[in-house]
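Quick note: the coordinates plus some simple rules give every number you see, no bench work behind them. Only a predicted model underlies this, so the values are computations on that prediction, with no experimental measurement involved. Note that each Cβ is placed from the backbone with ideal geometry, even for glycine, and that neighbours are counted across all protein chains shown.
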Amino acid sequence: MTSKDDILRQRCRLRKVDFNHECEEDLTIGIGFRCSDGIVLAGDRLRTKKNDIGRFVTKVRDFKFRKNLLGAMVGAGTSRYLDPAHDWFDRALKNGMSLNAAQEAIDKACKKMRNDYMRRSGDEEEPHFSFLLALWNRKEGFRLLLGASDAPLSVVEDHYATIGKGASLANCLVGTFCPPNGTCQDGALISAMVVRLVKRFVTGCGGGTNIIAVMEGGLAKPINKAARKRSEEHFLKFFEPVRVDLRKFIRRECQSPLLVRRFPREEKTRRSLQR
């Protein structure tokens, strides 16, 4: 298991978001980790509509077992197209496919779905979804793919990728707490904690947490929900002192004349605006 010193790295980076998450109707979070022994996918379970009606669904879904080929998917975006997308991708995969062939087949399925299904829906606004795919075959190993309804698949070269409305916050957290080359056990623990924190601070993310690992020869899921929930709560308690210390720091430093005098006083600013 990852040690505390390995986890608490002194940086928090906000990476460039690959897709336009603002256009996604279904506000959500999805994370994929490239681990030393497999790929972990995680996501929340709340699916919302524009009228704020919500329901809980399984967003992290595996594909049917095929000879020498395994896969799973987590999606974010326009709700009514996520389940059909999974089904289209599932039908595109065949026994013994190479990873390149599987990637090409899913790309074609996504394009066909967009042209033959989505554009005929009569939606006033063009629907959009993004997704992460975890694939494995016996000869080539693992591959994490990132795609969208309006963009081709790309191979994730970094040790993780995120999608959905909570992607920016998740990027910051994962970049801080998750070291490269961790195991699927590490990835499951970090993803549970990160998804929990995103659900707390990002409107539209919520419900339970789905986690699945695509490993050599099989799929794995955390079997103890109570242990996962306990880890999430410990993670939130870990952050509470940080929030308190940050507030103290801001109050103390805002009293510094070297900082404050470089900004106009509120009263003076208001008078200048009234002129």
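With each label modelled as a point 7 angstrom along the Cα→C-beta vector, the VAL57-ARG80 pair spans 1.1 nm. Cβ crowding within 10 Å, taken as a proxy for footprinting-reagent exposure, orders SER98, SER149 from fewest neighbours to most as SER98, SER149.
As a proxy for reagent exposure, ranking TRP136, TRP88 by other Cβ atoms within 10 Å from fewest up yields TRP88, TRP136. Per-residue Cβ neighbour counts within 10 Å put GLU216, GLU104 in the sequence GLU216, GLU104, beginning with the fewest. Extending 7 Å from the Cα toward the beta-carbon at both ASP158 and PHE238 defines two label points whose distance is 2.0 nm.
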